[in-house]
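Remarks on the structure that follows.
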Amino acid sequence: MNALSRCLCSYWSSSIGKKLVVALTGLALVLFLAGHLTGNLLVFVGQKAFNDYAELLHHALHGAGVWIARIGLLSCVTLHIVATIQLTRENKAARTPYAFDATIQAPKSSRIMIWSGLTILAFVIYHLLHFTVRAGNTYDTYVDAAHLANTGLTRHDAWKMVIDGFSVWYVVAFYVIAMTLLCSHLSHGVASMFQTLGLRSKKSRPMIAAISKGYALLIWLGFISIPLAILVFGFGK
Amino acid sequence: MSKQLNLTLKVWRQDSKESAGRIETYPANNIPEEASFLEMLDIVNEGLIVQGKEPIHFDHDCREGICGSCSLTINGIPHGKDRGVTTCQLHMRKFTNGDTIWIEPFRAKAFPIVRDLIVDRSAFDRIIASGGYIDVRTGSAVDANSLPIPKADADSAFDAAACIGCGACVASCKNASAMLFVSAKVSHLGHLPQGQPEREKRVLAMVRQMDAEGFGNCTNQYECEAACPKEISADHIARMNRDFAKAAAKEALV
Amino acid sequence: MSFILDSKVPAGPLDQKWSKHKMDSKLINPANKRKYTIIVVGSGLAGGAAAATLAELGYQVKCFCYQDSPRRAHSIAAQGGINAAKNYRNDGDSTFRLFYDTLKGGDFRSREANVYRLAEVSTAIIDQCVAQGVPFAREYGGLLDNRSFGGAQVSRTFYARGQTGQQLLIGCYQALEKEIHKGGVKMFPRTEMLDLVLVDGQAKGIVVRDLNTGKISSHAADAVLLATGGYGNVFFLSTNAMGCNVTAAWRAAKKGALFANPCYTQIHPTCIPVSGEYQSKLTLMSESLRNDGRVWAPRTRELAEKIRKGQLSPNDIAEDDRDYYLERKYPSFGNLAPRDISSRAAKEACDDGRGVAPTGLGVYLDFRDAIKRLGEDTIRARYGNLFQMYEKIAGEDPYTRPMMIYPAVHYTMGGLWVDYNLMSNIPGLHVLGEANFSDHGANRLGASALMQGLADGYFVAPTTVANYLATQKPGTVTTDHPEFKKAEAEINARTAQMLAIGGKRTVDSFHRDLGKIIWDKCGMERSAEGLHQALKEIPAIREEFWSNVRIPGSGAGANMELEKAGRVADFLEFGELMCHDALNREESCGGHFRAEHQYTESDPEVQAGKTQPGEAKRHDDTFAYVAAWQFTGAGNAPILHKEPLTFETLKPSVRSYA
């Protein structure tokens, strides 16, 4: 353990090392997003599929799976945020401002990373309160009626929760804004991950840029498709 | 007679490291468009001296884009908006009559201002001193052709070695990061077989010195690459990241 | 009192002199080396290499440069390459041939033994640089590439694109930084040497000004090495960096060091022509361009005039109306003729009214045929960066329109006199690189300056300095010595005097006036009449300078006008010495061309077909000597001392490139 902690310390104490932490935790979160989206899209398959999926998540490893995932994600998010806030503070301290400020090529998305990131954090907290903790709503009381009828077992009706949750216009508005910022965050973040992990080269450069933009777009379209389908096209009603 | 320009300059003036700076306005009249940007400042300075005023101090030497001395941020962009040139290679024909031009020093906490537009870039020297070399004693080298180096490697090494150490990368970076400068050296020596024995030691030492000098971190915006007068690629930064990750792990674990 | 100088060249056969000298040289034991302090002024190829190597050997080194970092010394601007007698091309090269070419290239006005040593150590330089990681050009097999360069018929030039000087200097700078980190070298950037301090007639330290704070301070040492480059900026417009100056060498000369052959200056044939009064410097286009470019001027004045007026484009000029004058006059070397010869030929064409730039001072360097033969891509790969540089400055595309070029001051062969140990006549004062006079005679061949700087810095001085140090007890002189106080007081008084003038003219305006006189009268062609005139005009400018210059600000803190003023004041004294030397040398040789001394139809050498009318005519019987001048006070005639040049191996012959 001594050697390992020394290794971690030497990463954490250097600028590149800290960025590696950001990249690796970012990678985990990016992969999580893909999984989360895939699961979410089951909404379109139907109530049963979606609620089966929700049940699976909660019962994997006898219920431990979801907690392992939550702890893992929480640590990733924490490390990601702490490291980026520290880096941002260092960056602010390293710079003296220009009277005439100009930017040559850096896209807007790359310059608002800390703000898009913090907004996403705010959203995640809201999102957890909304659908996971289910604070200030009655979603906890939703029971999957079809399942009860078929099996005689009670389980939470996650599908209905999603439909009801996204039937409120301001919830959808906030959700779409947050997803747009997430898209912006990813379009710079995914490519940056490759750069920080040292996987970018002259030849892979355009491919990585395309992957990054494509992935961000995919995540954006995927996530906003659900609330828009519900609110605008009345899906699930 | 060649075309002449009349311009307005907004110039950062600062008497010494300790004193506060300010922007001052100067007219620059009858500037021939063939003149370089620094020659334009020469003309303005001649006028100031004759009027009994203090000339604008700026760093310059070779005036052919290779020494890396000149260091002006012109309208917010180090060396001006023309790509692949230093300030001394920027010619006035790139400006239009009546333009207002903002001229500031290369700004970064790690580059304290000496006077007006002159900054102290000795942090770069200390980074090189920390490990940016191949330790070879004079006279101990083997025959130059005893170690063939694939042309592609030699060319990549050269691309990185073309760095002139001007500091435009730091000045253009929103975080005043020196990653492009440091990675260019790490990559130059890391591409060559002669540089292998010290490769890990070098990247660790140089990155640590870079951090100690108070430069910011890379946020992968590549402003540095765009501002670099030698158009050094930010791919070298990726390479350095990889080298550092490996070396730090090896240092701690092996 | 004039005397004959002893070059201390070792006896014995030419090819064994250096080995024998190394064997006979004193050694200092490692434990004692660290007790010696050596001052190195200048951090270019010669100074940087010497400082790093001496520190590696164990000496305590203090290195000074006026730039903000040792990496910015002007060696960095050398484009073309560095010669070495490696014979990797198997094209008949050898140490002897490099020696022969260099000696002949210098028009038999250099010291034979020094030139041979230079050729001998050339190969070790390449080994050293490659080991340091200098990314020289390579072939696909992974081995080093070579190219031919002006004045040589073999391919012995190693290069790193068009930035060889930069890459060599970075190698050297990294070695220097390594020693700084280890504590062997203490570096003083942005520090300018303003005086040499002698104690009992020996060089024991320097007085410097910190260019950031204005502070004057003293540094004592057991030996002083000057590697401060050349004096090309005496011409105001040159390819040198703005800060290049003669100050360190000149202040040493004022303390008694002899200045040798100051009139030997190299005018480089391929520079971008002058375009206006505002111009601050001239830009060199690498000589390597002459490998593929063809130099020409219109055959008639009428055509040239039409081009100047913009009525004709150079591309419209028919083949028969183009005078490829280098190919015509020097068929076997053609466009690769040495620099002095190519420059003079360009001047000749322009003096004849056939020049092409708007000022009439320009000829063409044309790549049309090379592009036709090799394709634009090949030319782009070879010279892309140079073409781009040309386009930025001249605003014309050299791929479609021939480049305009004109000669400009580039290098100075003259410098402080040194013996075989690179020590001047002042014991302890060693001079390296362009700052000394020893290896290039009256003209330097392309790709030889980098070679000499590194030879002196890496290999010669670190060996020979021990011969002097071994006679000295280390650390005997400190800055408490009254000589240091005296020198500091003099510097302070001089600064105060300059600042107090409060006149009407800027430093640059004086410099420009001086440069014009030197260029017109002591430039590519000199005559007794012009030189006499210059000797009247320069003191007048100097006098006005000291009564009418305006230097704003004070001596405290950074003051670039004060820095420039100190340098220009030295040029105003030094320029006069150049003219004295040019006037004294009643012959033409290399870069020194006296209008009165050229071959004519009536000369037997011309009739025998060995040379042509108009070529430089040497007088070996009366001028085969180094002219080393002793300063006797500003405005006073300097005293000439001679070092006779003896040629044991090669008999001086007519230098023909026909």
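Every number in this text was worked out from the coordinates using simple rules, so none of it is lab data. The structure presented is a predicted model; accordingly, all values stated were derived computationally and were not measured. So basically every Cβ, Gly included, is an ideal-geometry build from the backbone, and we count neighbours across all protein chains shown.
Structural remarks
- Against the main long axis of the alpha-carbon atoms of chain B, helix B:37-50 sits at an angle near 50°.
- Mean-position separation - Cα centroids, the range A:183-237 and the range C:470-539, in angstrom: 67
- A crude spin-label estimate for the pair A:T78 and C:S313, with each label 7 Å from Cα along the Cβ direction, gives 7.2 nm.
- The residue among C:F64, C:A455, C:T270 whose Cα reaches farthest toward the positive pole of the charge dipole of chain C, with charges on the beta-carbon of Lys, Arg, Asp and Glu, is C:F64.
- Rg/Rh for the range A:82-237 (Cα atoms only, Rh after Kirkwood) is 1.10.
- Placing +1 on the Cβ of every Lys and Arg and -1 on the Cβ of every Asp and Glu, with no other charges, gives chain C a dipole of roughly 1360 debye about its Cα centre.
- Nearby lysines by direct alpha-carbon distance to A:K48 (threshold 17 angstrom, same-chain neighbours under 8 apart not counted): A:K160, A:K237
- As computed over the range A:7-115, the Cα convex hull volume per residue (Å³): 135
- The charge dipole of the range B:1-122, taken about its Cα centre with unit charges on the Cβ of Lys, Arg, Asp and Glu (plus for the first two, minus for the last two), comes to roughly 400 debye.
- Greater than 23 Å apart at Cα, pairs in A:K92/C:K178; C:K204/C:K473; C:K254/C:K473; C:K62/C:K485: A:K92/C:K178; C:K254/C:K473
- Partner chain coverage, peptide B:109-117 - average Cβ within 10 angstrom: 3
- For peptide B:176-189, the mean count of partner chain Cβ atoms within 10 Å of a residue's Cβ comes to 2.
- Dipole axis of the protein assembly as shown (+1 Lys, Arg; -1 Asp, Glu on Cβ), positive-most option in C:T378, A:A64, C:A489: A:A64
- Cα centroid separation - the range C:351-377 against the range C:542-585, whole Å: 38
- For a straight C-alpha distance cut-off of 17 angstrom, the lysines reachable from C:K104 (same-chain residues fewer than eight places away being disregarded) are C:K610, C:K617, C:K651.
- Over the protein assembly as shown, equivalent-ellipsoid semi-axes from the Cα gyration tensor in Å: 63, 32, 29
- Label-to-label distance, A:W12 versus A:K108, with points set 7 angstrom from Cα along the beta-carbon direction: 3.7 nm.
- Shape box of the range B:121-253 [Cα atoms, principal axes, largest first, Å]: 45, 35, 26
- Based on C-alpha pairs under 8 angstrom that are at least 6 apart in sequence, chain C has a relative contact order of 20 percent.
- Qualifying aspartates and glutamates (Cα of each under 13 Å from Cα of C:K372; at least 8 residues distant if same chain): C:D292
- Here each label is just a point 7 Å from Cα along the line to Cβ, and for B:R137 and C:E396 those points are 5.5 nm apart.
- Cα centroid of the range C:261-281 to Cα centroid of the range C:128-193, whole Å: 25
- Beyond 31 Å in Cα-Cα separation lie the following of the pairs C:K309/C:K536; C:K392/C:K564; A:K108/B:K10; B:K174/B:K230; C:K255/C:K536: C:K309/C:K536.
- When C:S602, A:S14, C:S438, B:S2 are sorted by how many other C-beta atoms sit within 10 angstrom of their C-beta, beginning with the fewest, the order is C:S602, B:S2, A:S14, C:S438.
- Counted charge near B:I31, where neighbours are those whose Cβ lies closer than 13 Å (Asp, Glu -1; Lys, Arg +1): -4
- Eigen-decomposition of the gyration tensor built on the alpha-carbon atoms of the range C:128-231 gives equivalent ellipsoid semi-axes of 37, 17, 13 angstrom, largest listed first.
- Relative compactness, the range C:418-476, computed as alpha-carbon Rg over 2.2 N^0.38 Å: 1.23
- Shape call, the range B:4-115: gyration tensor on alpha carbons, a/c limit 1.5: oblate
- 10 Å Cβ neighbours from other chains, averaged over peptide C:243-251: 1
- Cα gyration tensor shape of the range C:268-409, rounded if a/c is under 1.5, else prolate or oblate by comparing a/b with b/c: rounded
- Cross-linked pairs B:K53/C:K504; C:K281/C:K516; B:K53/C:K215: Cα-Cα separations exceed 19 Å for B:K53/C:K215.
- With one equal scatterer per alpha carbon and no solvent term, the Debye-computed log10 I(q)/I(0) for the range C:482-644 at 0.14 1/Å reads -0.82.
- Principal-axis tilt of helix C:164-182 within chain C, Cα atoms, nearest 10 degrees: 20
- The loop-placed chymotrypsin sites (Phe, Trp or Tyr not before Pro) in the range B:90-164, going by DSSP, include none that has at most 14 neighbouring Cβ atoms within 10 Å of its Cβ.
- Cα-based radius of gyration of chain C once divided by 2.2 N^0.38 Å, which approximates compact folds: 0.93
- Contact order normalised by residue count of the range C:268-409, Cα under 8 Å, 6+ apart, percent: 35
- The packing ranking, built from the mean of other Cβ atoms within 10 Å per residue, places the peptides B:32-43, A:69-80 in the order B:32-43, A:69-80, highest first.
- Peptide packing for C:550-558, C:38-46 was compared via the average number of neighbouring C-beta atoms within 10 Å per residue; ordered from the highest value, the list is C:38-46, C:550-558.
- Considering helices alone, the calculated mean residue ellipticity of chain C at 222 nm is -11500 deg cm²/dmol, with DSSP H runs of length four and up weighted by -39500 (n - 2.57) and normalised per residue.
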